[in-house]
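A.B. asks: Pasting in a structure now, in structure tokens, and then I'll have a few things to ask.
The values are calculated or read from the model by the stated rules, or taken from the named source; none is laboratory data. What you see is a predicted model; the values in this text were computed from it and never measured. Here the Cβ positions follow ideal geometry from the backbone for every residue, glycine too, while neighbour counts run over all protein chains shown.
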Amino acid sequence: MEDALSAEGPEVLVRTDVPQPDGSVRLYAAWTDGGGPLADHIDRIALARGLDAWSWIEILQQRARTTHRGRIEVRSYPLRQVLADVEQGYRGSEEHRANFARLLASDAVRAGRPPLPPPGIPAWAGVGPVLWHRYLGGDPVVERHWLGR
């Protein structure tokens, strides 16, 4: 992780995805100098503007710089660019948003969970340490399992 951080300039979110033998992925997040406070600021704006998880996906997908170290994937997100998109209220494709909502509803049915309330998409997932740690109870690592597991 330190190598990935040292390769970046200031105000960057660096996410490292490490595949696990069981098919899950461990996600590690870290911020370069000034990145944590800026990322938390971005999250506050995004939540205040009602941006959702689909906006988060599209914005981060557009801004990602991806490198690989074997099976490990490192994604760097220049936070000033993310901030510009959030300040503009970028929501992404409405068609893709609707498809994402259908995918999540279908997955909930298969897993025996109730679907999310309308519009069927979670809130902005976050780029800053405050939201990251809120979901993880202070742990810098999250383990994600693919839909349908």
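A.B. asks: With the structure loaded, tell me whether residue 126 is surrounded by 14 or more Cβ atoms within 10 Å (Cβ to Cβ), within 17 Å of residue 35 (Cα to Cα) and among the small types (Gly, Ala, Ser) or whether it fails that test.
C.D. replies: On the way: surrounded by 14 or more Cβ atoms within 10 Å (Cβ to Cβ): yes; within 17 Å of residue 35 (Cα to Cα): yes; among the small types (Gly, Ala, Ser): yes.
When the stated conditions are applied, residue 126 passes them.
A.B. asks: Which of the following residues is over 18 Å from residue 8 (Cβ atoms) and at pLDDT 95 or above: 94, 87?
C.D. replies: Values: 94 fails: at pLDDT 95 or above.
Being over 18 Å from residue 8 (Cβ atoms) and at pLDDT 95 or above holds for just one of 94, 87, which is 87.
A.B. asks: So if I check each of 53, 39, which one is modelled with pLDDT under 95 and within 14 Å of the chain's Cα centre (by Cα)? Walk me through it before giving the result.
C.D. replies: Details: 39 fails: modelled with pLDDT under 95.
After ruling out the rest, the residue left standing is 53.
A.B. asks: If a residue has to be in contact (Cβ under 8 Å) with a residue 24 or more places away in the chain and either touching a strand residue (DSSP E or B) at 6+ places or on another chain (Cβ under 9 Å) or surrounded by 12 or more Cβ atoms within 10 Å (Cβ to Cβ) (or both) to count, how many in the range 105-123 make the cut? I'd like the intermediate steps shown before the answer.
C.D. replies: First, pick out the residues of the range 105-123 that are in contact (Cβ under 8 Å) with a residue 24 or more places away in the chain: 107, 110-111, 119, 121-123.
When the remaining residues are screened for being either touching a strand residue (DSSP E or B) at 6+ places or on another chain (Cβ under 9 Å) or surrounded by 12 or more Cβ atoms within 10 Å (Cβ to Cβ) (or both), the result is 107, 119, 121-123.
Residues meeting the conditions: 5.
Here's the yes/no breakdown for (1) modelled with pLDDT of 95 or more; (2) within 14 Å of the chain's Cα centre (by Cα):
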residue: 72; (1), (2): no, no
residue: 81; (1), (2): yes, no
residue: 112; (1), (2): no, no
residue: 115; (1), (2): no, no
residue: 126; (1), (2): no, yes
